[in-house]
Every structure is written in structure tokens, then in C-alpha cells.
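The structure under discussion appears below in the form of C-alpha cells.
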């Protein structure tokens, strides 16, 4: 468990300062209501520092810390400095809950961000009211998070599963293929992804021959790869070390050469492409939530500032974490408060500029109305990179609010 407070004298001189236990206990003891004027905004960064999602967690941490450093350089948010308290979620829902609970109850952090998976996000969402906290879901795509399991204190800044597959559906209309196989992680997000892909393929008159699944943390995909005999298309819904292992082993097996095209659902993240350098990935497609090449002023400014500070472009995951922080900061500015319930009200219906352009937090279900992207893997300066090819606005991918979402007032 790690506790840090990020303060800075400028974007290029961000420092990490230890926070004493007594100071944290004093801040947390008050509980309830708004904090005193000038009290810092305390962020609970619940990220995966270990386990199969560790690479994604590292990128999230980088995006959050950059956003905090940038904001503090400009004087903070709503006149307050921002502090980040971080803990390892261990790539499990139980680990995420334990980490968040300690950061909230011990350190007084009231704004939670960083969960990679939908199960971890859902587990934390169920405890927000009792913790008097607010959470930003910057990675989790499970429809139920803004559907039957929506929460007045949870706000999603990435897209939902339906938004992802509506964008893939748009791509399928222009690239109809008759036969598909699917390979997905064996949990709620992966199974929903496979089901949505099958529905989309059938809508175009095609069929899915094999729908395969592997548990999170799988290191040997030989049994799965031996069943992927080829066809028109292969759809892969995976991330973290699972995606890295699958693509490395699939290249060794020669699996992908048996398909006309390979399409990923976030599978070709920056972390995956950094780890799998084989140029044979070039030409494969990926639905993605954000990438450094997105063409809008907010994205360009972020990429330039991040690259100047760190010496490298932000990953897609770092960008999503930054977007989550942009959303939270916009809500705090609107509310002029750091009381979670008040900030939640400030976020509802809020329109603001972001690295995805002008976006709106939909009040009915707390889903961010933002574009979705389709990109293709290309070799750029000898490295595999995802290059955005199509941008689909929220008006074309975001369905109406799910009637099962009933937000408590």
C-alpha cells in the first residue's frame, strides 16, 4: 500500500511527497458534508500494480498523476490543490475493494479512479454510498454499470459495451465477412463482447463458427489456438497480459495467417503493441476508446504536454485516465465543492471540452457522450502503433438510457 500526495511547482518539476498518518487521520476524521475552504481534493487511485493487468495499471497511474500535476501547476481546481493516494488493486475485485476502502477510510480520499475491470468497478460502486465517495469509471465498459447497476455516485467516462459494438457494427457494414471465430476473456465483459459480436455478424448475414473463452490470467493459449483453424475473420476481446500472451503465441502458431482479417475489442492497446513488436500485426483492426493520434485540439495539447514531460507519447489507457480526471475536475469546478454528493449533481448534464472534443455527461445514467474510434495497426518508426481510421460520434453509437437505471436522488 502506498500513500503519496502530488504537489508541484510546475508541470516539469512534479514531486512526490509523503503524507503522514496523523495528518491523514485528522483529515478523515471529520466525515460527511463539504470540507473546509482550502482543504485539498483527495483522490483514491485504485490501480492494478500487480497481476495480469499491471501494465494497464501503470498507464492509468501515469495518466492520473499527469492530470494532477498539470492541474496543480495552474493553481489547483476550484482553488484547492489535489493529492493522490494510491494502492494496488491486485487485478481482482476483492483487491480493489480493500484498496479503495483503506484509501477512503484511512486517508480521507473521497474521489476514486483507476479500476481496470468491470467486476472491480461494480464491487466498488456498491459501496460508494456507505463510504460517502464518488467514483469515475475510466476503463470499465460493462453495460450494467450505466444500466441496472447504475449508481448516483458512479460516472463512466469510457464507452459502454454497446457503444463499442455499435462502432464495430458500423465497420462491419463496410467490411462484410461471412465466417468468424471469436476469442474472449472468460468474464462478464468478454462474454458480453462475444455475444455482441455474434449479433453484429449475424445482422450482416454472416455467422460465428467458434466462440472460445479463456480465464483471466491465462498464460498458455495452445488449447485455444489449436481450435482456431481459420476463416474470414477472427475477433479478439482481451487486454492486459492475456492479450500479449495470446498474440505472441498466435504469431508463433501461425494462427493469424489463416484469417483474412483480425479485429480486436481494445485488444491492441498501447501496452499490447509495446510488448508485441512483430510487424505481422500490421493491418489488424481494433475498436479503441482513445489513441494519441486522435485529431482534436484537446488531444493534441495533451499529447504534446505529456510527451514534453515524459519523453514519450501517452498510451491509450493513460489518455482514458486523463479523461476521467478531466471529467472529475470539471464537476468539482461546476459544483465549487468537494462534497461527493454535490459534485455528483454538478456532473449531471455537464458539457465540457476534453481530449475527445466537446463531451457531455448524460444525467439519466451517468454515461459520457463521447466519440468511439476504429483504428488499424501500422508500423510507425519500426514500432507497432494503432492509427485511428474512423471516428464515430456518440449520436451514432450511444443508445438511449436503459430504463432499468434508476438513479437515487
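The values are calculated or read from the model by the stated rules, or taken from the named source; none is laboratory data. As the structure is a prediction and not an experimental result, all values here were calculated from the model. Cβ placement follows ideal geometry from the backbone for every residue including glycine, while neighbour counts extend to all protein chains displayed.
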Of the residues 107, 132, 144, which single one is over 15 Å from residue 46 (Cα atoms) and either more than 20 Å from the chain's Cα centre (by Cα) or not assigned by TED's automatic domain parsing to the domain that holds residue 339 (or both)? 132
Segments classed as strands (runs of 3 or more DSSP E), wholly inside segment 346-409, with at least 2 members that are over 18 Å from the mean Cα position of the chain (by Cα) and modelled with pLDDT under 95: 372-380, 383-392
Could you tell me whether residue 168 is in the same structural domain as residue 390 (by TED's automatic domain parsing), surrounded by 19 or more Cβ atoms within 10 Å (Cβ to Cβ), touching a residue at least 40 places away in the same chain (Cβ under 8 Å) and closer than 26 Å to residue 370 by Cα? yes
Could you tell me whether segment 332-342 includes any residue that is assigned by TED's automatic domain parsing to the domain that holds residue 144, closer than 25 Å to residue 149 by Cβ and not in a helix (DSSP H, G or I)? yes
Quick test for you: out of 395, 404, pick the one residue that is within 30 Å of residue 131 (Cα to Cα) and surrounded by fewer than 20 Cβ atoms within 10 Å (Cβ to Cβ). 404
From 203, 196, grab the single residue that is in contact with a helix residue (DSSP H, G or I) (Cβ under 6 Å, 6 or more places away or on another chain) and either surrounded by 15 or more Cβ atoms within 10 Å (Cβ to Cβ) or more than 24 Å from residue 248 (Cα to Cα) (or both). 196
Quick one: how many residues across segment 39-62 are within 15 Å of residue 111 (Cβ to Cβ) and part of a helix (DSSP H, G or I)? 1
Kindly indicate which of 213, 155 is surrounded by 21 or more Cβ atoms within 10 Å (Cβ to Cβ) and either closer than 22 Å to residue 125 by Cα or in contact with a strand residue (DSSP E or B) (Cβ under 8 Å, 6 or more places away or on another chain) (or both). 155
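Each row is one residue, and each column tells you yes or no for (1) in the same structural domain as residue 235 (by TED's automatic domain parsing); (2) farther than 25 Å from residue 345 by Cα; (3) within 17 Å of the chain's Cα centre (by Cα).
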{"residue": "279", "(1), (2), (3)": "yes, yes, no"}
{"residue": "282", "(1), (2), (3)": "yes, yes, no"}
{"residue": "308", "(1), (2), (3)": "no, yes, no"}
{"residue": "312", "(1), (2), (3)": "no, yes, no"}
{"residue": "320", "(1), (2), (3)": "no, no, yes"}
{"residue": "324", "(1), (2), (3)": "no, no, yes"}
{"residue": "327", "(1), (2), (3)": "no, no, yes"}
Regarding residue 212, is this residue more than 22 Å from residue 144 (Cα to Cα) and either over 26 Å from the mean Cα position of the chain (by Cα) or touching a residue at least 40 places away in the same chain (Cβ under 8 Å) (or both)? no
Selection over segment 173-196 where residues are farther than 11 Å from residue 232 by Cβ and outside any strand (DSSP E or B) yields a count of 13
